[in-house]
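The values are calculated or read from the model by the stated rules, or taken from the named source; none is laboratory data. Computed from a prediction, not measured in an experiment: that's the story for all the values here. A quick note on method: Cβ atoms are made from the backbone with ideal geometry, for glycine too, and the neighbour counts reach across all protein chains shown. We work out accessible area using only protein heavy atoms, side chains counted, and drop any ligands, DNA or RNA first. Shrake-Rupley method; radii C 1.70, N 1.55, O 1.52, S 1.80 Å.
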Amino acid sequence: MAESYIIEGVEALWPKVDRTYVFNSKIKRSEPCAPRDQNAAYSVQFRMDGATAKALFTQMKAVYAANREDDWDEKLPNPIVKDDNGTYTHKANLKGAYNGETTTKPLEIDSSGEMLPEGFQLTTGSTINVAVQLIPYAMKLGKEWEYGVSLRLKAVQVLKYVPLEVRNPFKVVEGGFVYKAPIDNPFDKKAAPAKSNNVLANVVDDDDDDEDEPPRKKAVKKTAPPKKSGGDLNDLVDDMFDDE
């Protein structure tokens, strides 16, 4: 029988939660794959301190003992690895499909409980909580049987996110080209006036750019001679709008 458990405040290592991945033995690394591909899975390895590791293994032993069958080993082997620096590592995963049916992608939320956007990529070094189901199992490998408790990945909560670093293969070259973005200062009188985005305005103002085209003469509108009037107000109003 599965039992839910939350592993708190651990460090994410090589997380693959945004989609399913499979390990490619030829290139010695994991690569994205379809959920139904063989060995496709979501996964996250994590680093924890001694107290967290002890609490996790204690819970795993309790689940194993409660579900152990008579022909199973009496004691649960400890799958948690102790590192040279005194910390411990373990892994939780979720297959992309069971019996041909695809699984639901593990939930990813932030520290406030809000869901993270589709395509969010968790990074190594981030601090997380990991929600798992403890699944006791007995599995035959060749002629031998293996007994244990797997950690089925259900959700990840990101407490501290380490931004993804862009790997730069180059070193700093002294005295080389350094790009500086231009600053548009509207108060700089020496700055050249900005060109208008209006096409017609550019045609009129940028005569110097059209060296092969003869200069155009601007038409001067002739003003009609003033009408003789006895000063009638209606005549004055008509004169004002004659040119329009």
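If the condition is being assigned to a strand (DSSP E or B) and more than 11 Å from Gly96 (Cα to Cα), then the stretch 18-45 contributes Asp18, Phe23, Asn24, Arg29, Ser30, Glu31, Pro32, Val44, Gln45. Residues that are open to solvent by 40 Å² or more (accessible area, probe 1.4 Å), over 14 Å from Asn93 (Cβ atoms) and polar (S, T, N, Q) within the stretch 14-46 comprise Ser25, Gln38, listed in sequence order. Residue count for the stretch 94-118 under the criterion of being touching a Lys or Arg at 6+ places or on another chain (Cβ under 8 Å) and assigned to a strand (DSSP E or B): the result is 4. Against the numbered list (1) over 19 Å from Lys154 (Cβ atoms); (2) among the hydrophobic types (A, V, I, L, M, F, W, C); (3) open to solvent by 70 Å² or more (accessible area, probe 1.4 Å), Ile6 comes up short only at (1). When the stretch 74-110 is filtered for residues that are touching a residue at least 40 places away in the same chain (Cβ under 8 Å), more than 24 Å from Lys160 (Cα to Cα) and surrounded by fewer than 16 Cβ atoms within 10 Å (Cβ to Cβ), the ones remaining, listed by number, are Pro77, Pro79, Gly100, Thr102. One residue alone among Lys75, Lys91 is in contact with a Pro (Cβ under 9 Å, 6 or more places away or on another chain) and either in a loop (DSSP other than H, G, I, E, B) or of a type in the set (Lys, Arg) (or both), and that residue is Lys91.
Checked against the criteria, Gln121 does not count as in a strand (DSSP E or B) and open to solvent by 40 Å² or more (accessible area, probe 1.4 Å).
Counting the residues of the stretch 62-72 that are surrounded by fewer than 16 Cβ atoms within 10 Å (Cβ to Cβ) and part of a helix (DSSP H, G or I) gives 3. Close Cβ contacts (under 9 Å, 6 or more residues apart or on different chains) running from residues in the stretch 1-16 that are free of Cβ contacts under 8 Å to residues at least 60 places away in the same chain to residues that are part of a loop (DSSP other than H, G, I, E, B) comprise Lys16/Leu122. Just one residue in the set Gln133, Gln157 is in contact (Cβ under 8 Å) with a residue 12 or more places away in the chain and closer than 26 Å to Asn67 by Cβ; that residue is Gln133.
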